[in-house]
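Enquirer: Can you keep this structure in mind? I'll have questions shortly.
The values are calculated or read from the model by the stated rules, or taken from the named source; none is laboratory data. Computed from a predicted model, the values in this text were never measured in an experiment. Reconstructed Cβ throughout: ideal geometry from the backbone, glycine too, with neighbour counts over all protein chains shown. Surface accessibility is based on the protein's heavy atoms, side chains included, excluding ligands, DNA and RNA. Shrake-Rupley method; radii C 1.70, N 1.55, O 1.52, S 1.80 Å.
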Amino acid sequence: MHTLFSELSSISRTSPDARIEGRVASVLGLTLTVTGLERALGIGARCVVHGARGPVLGEAVGMSDKGTQVLPFGQWDGVVIGDRVALSPEGGSLRPDDSWIGRVLGPLGAPLDGLGPLHEGPQARAVKAAPPRAFDRRRVGPKLETGIRAVDIFTPLCRGQRMGVFAGSGVGKSTLMAMLARGAEADVIVIGLVGERGREVQDFIQGDLGPEGMARAVLIVSTGDEPPLMRRQAAWTATAVAEHFRDQGKQVLLLIDSVTRFAMAQREIGLAGGEPPTQRGYPPTTFAELPQLLERSGPGSAAQGDITALYTVLVDGDDMNEPIADTVRGIMDGHVVLDRRIAERGRYPAIDLQKSISRMLPDCHSPAEYAVLRAARGALARHADMEELIRIGAYKPGTDAEVDAAISLSGPAEEMLTQRKGEATSADQAFGALYAALGEAGVAVQMPQD
């Protein structure tokens, strides 16, 4: 009897003529409780609440003996107890198409750029999907040039690698992303702006990205004033679009700014659903959702391309050990740390070379390139160790030949690593310039023997 009832319930949910409806039982903050749909509205399913000001799309995030908890993709303004709630025909899927390149989309796939409707592809793709299985992936591929000297030398990217960009507010994360979108070797760039400031969206598109970057980019935008479901959805949608192009065999660069705002949106959703707060108020689902999102990028299978991904992390109070930064750093294949003190000195991108690392080294570089990197990193680290003594005049030139060489290198290295937004340099040119600077400063480079 129970089996028969389950089958009848499944048929009623999937029938095109079915009309299963519930009612609003209560609204408290963001959480709306629906009764009458307990057997049809599962976690993650969507419904439409028909309020006085028009229909509002919602998603089920929790269940209890009082009903199903639903959060909105909009606002509950005008909704009252007793309003009708119906299952939504719109599922959590998209139909990405190659014509989306050069377009700006919202989290639900609607165009935001005023350039007309989007053409939908033939195949539906789930917005929230499981990461590929570990044994279905290839290994990380060859080096991917970005055109950014500090990145290509000190924290190189390989195809299919995932890198975190960690920084406080106003240190240059968005500018670094725009430089990557302009200069990186990739077929398609997919950019997800999660919880972005509304006034900065046009600045990023027209000023930072420019026509050159936009010509091969798909932009998914959710602003900070939108509900948490929309902000979380923006990261999922960007990843799903990147997976579409990866499956076509293309090399995709996925840039998401920022993972922290994704985590904050998940925190709001979890707390509204009744989860207990744990580390710094983040509920357990936040730390469960992060690897589910981040693991979807990376190398594809034998017949696919790769998703090389960079995720920015807004470090709260410049604390690199806060929970989100610490969790993301453990998942990534390396991290780039932007330092406020370096930015205040006027060097952009403000990458802290001593704290940044790529886990693809040393294999990502040729033996000669790695020798240049080791010599430069050692000399710059020695200068950093002695910087305070040098500044106050406690170090006398001639005391230590290696320190003298490091001091001589610091000025040219700062100049070489400083790069304007529209400037791009090949990796060969960058290594050549650094090798010349090392020679002029008297820093020994131990080249490999043939």
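Enquirer: Among V218, V79, V194, which one shows the highest mean-square fluctuation when the chain is modelled as a Gaussian network with alpha-carbon springs under 10 Å?
Expert: Of V218, V79, V194, the Gaussian network model singles out V79 as fluctuating most.
Enquirer: Please compute one quarter of the surface area of the Cα convex hull for the stretch 93-358 and express it in square nanometres. Numbers along the way, then the final one.
Expert: Details: hull surface 53.9 nm².
So the Cα hull casts an average projection of 13.5 nm².
Enquirer: Here's a follow-up. Using only Cα atoms, what is the ratio of the radius of gyration of the stretch 22-105 to 2.2 N^0.38 Å?
Expert: The value comes to 1.21.
Enquirer: Tally up the carbon and sulfur contribution to the accessible surface of the stretch 18-87 as a whole percent, 1.4 Å probe, everything protein left in place.
Expert: Ligands and nucleic acids excluded, carbon and sulfur give 53 percent.
Enquirer: Which residues does a label at D385 reach in the stretch 131-156, if reach means a backbone N under 19 Å from a point 7 Å past the Cα toward the Cβ?
Expert: Within reach of a label on D385: no residues.
Enquirer: May I pose another question? Return the single residue from L180, L87, L389 with maximal mean-square fluctuation; model: Gaussian network over the chain, springs between Cα atoms under 10 Å.
Expert: L389
Enquirer: Note down the magnitude of the dipole of the stretch 384-450 about its Cα centre, charges +1 on Lys and Arg C-beta and -1 on Asp and Glu C-beta and zero elsewhere, to the nearest 20 debye.
Expert: Result for the stretch 384-450 is approximately 240 debye, rounded to the nearest 20.
Enquirer: Also, quick follow-up: Quick check for you: with a 1.4 Å probe and neighbouring chains kept, what is the accessible area per residue of the chain, in Å²?
Expert: For the chain, the per-residue accessible area is 45 Å².
Enquirer: Also: Would you give the gap between the C-alpha center of the stretch 399-441 and the C-alpha center of the stretch 304-353, rounded to a whole Å?
Expert: About 23 Å separates the Cα centre of the stretch 399-441 from the one of the stretch 304-353.
Enquirer: Right, something else. Could you tell me the accessible area of V151 in Å² (1.4 Å probe, neighbours in place), rounded to the nearest ten?
Expert: Probe radius 1.4 Å; accessible area of V151 about 10 Å².
Enquirer: Please report Rg over Rh for the stretch 201-291, where both radii come from the alpha carbon positions and Rh follows the Kirkwood definition. Please report the intermediate quantities before stating the final value.
Expert: On the way: Rg = 15.4 Å, Rh = 14.7 Å.
On the Cα set of the stretch 201-291, Rg over Rh gives 1.05.
Enquirer: Let me ask you something else. At a Cα cut-off below 20 Å, give the aspartates and glutamates reachable from K250, other chains included and same-chain residues fewer than 8 away excluded.
Expert: Filter leaves D97, D98, E120, D136, E145, E185, D187, E212, E295, D306.
Enquirer: What is the spin-label model distance, in nm, from D404 to Q206 if the labels are put 7 Å beyond Cα along the C-beta direction?
Expert: Result: 5.6 nm between the two label points.
Enquirer: Follow-up. Is there a quick way to get the dipole size of the chain? I mean about its Cα centre, with the Cβ of Lys and Arg at +1 and of Asp and Glu at -1; what is the value in debye to the nearest 20?
Expert: Details: 47 positive and 56 negative charges, 162 e Å.
It works out to roughly 780 debye.
Enquirer: Could I ask something else about it? Using a simple spin-label model with points 7 Å from Cα along the Cα→Cβ vector, what separation in nm is obtained for D428 and R95?
Expert: A separation of 4.6 nm, rounded to one decimal place.
Enquirer: Okay, moving on. Quick one: the Cα spread of the chain along its three principal axes, in angstroms, biggest first?
Expert: Here the spans come out as 88, 46, 44 Å, largest first.
Enquirer: Continuing with this model, one more query. Between E21 and D113, how many nm apart are label points set 7 Å from Cα along the C-beta direction?
Expert: 4.1
Enquirer: At q = 0.12, 0.17, 0.20, 0.23 Å⁻¹, what log₁₀ I(q)/I(0) does a Debye calculation on the Cα points of the stretch 386-450 give, no solvent, two decimals?
Expert: The Debye formula, applied to the Cα set alone, gives -0.41, -0.73, -0.88, -1.01.
Enquirer: Looking at the chain, send over the antiparallel percent of its DSSP beta bridges, to the nearest 5.
Expert: 55
Enquirer: Please list 3J(HN,Hα) in residue order for the stretch 175-184, calculated via the Karplus relation 6.51 cos²θ - 1.76 cosθ + 1.60 where θ = phi - 60°; whole Hz, with x for glycine and proline.
Expert: Computed from phi, the couplings for the stretch 175-184 are 5, 4, 4, 5, 5, 5, 5, 7, x, 6 Hz.
Enquirer: For the full complex of protein chains and a 1.4 angstrom probe, list Y311, Y370 by accessible area with the highest value first.
Expert: Listed by decreasing accessible area, they come as Y370, Y311.
Enquirer: Continuing with the same structure: Counting only protein heavy atoms, what percent of the accessible surface of the stretch 93-358 is carbon or sulfur at a 1.4 Å probe?
Expert: 51
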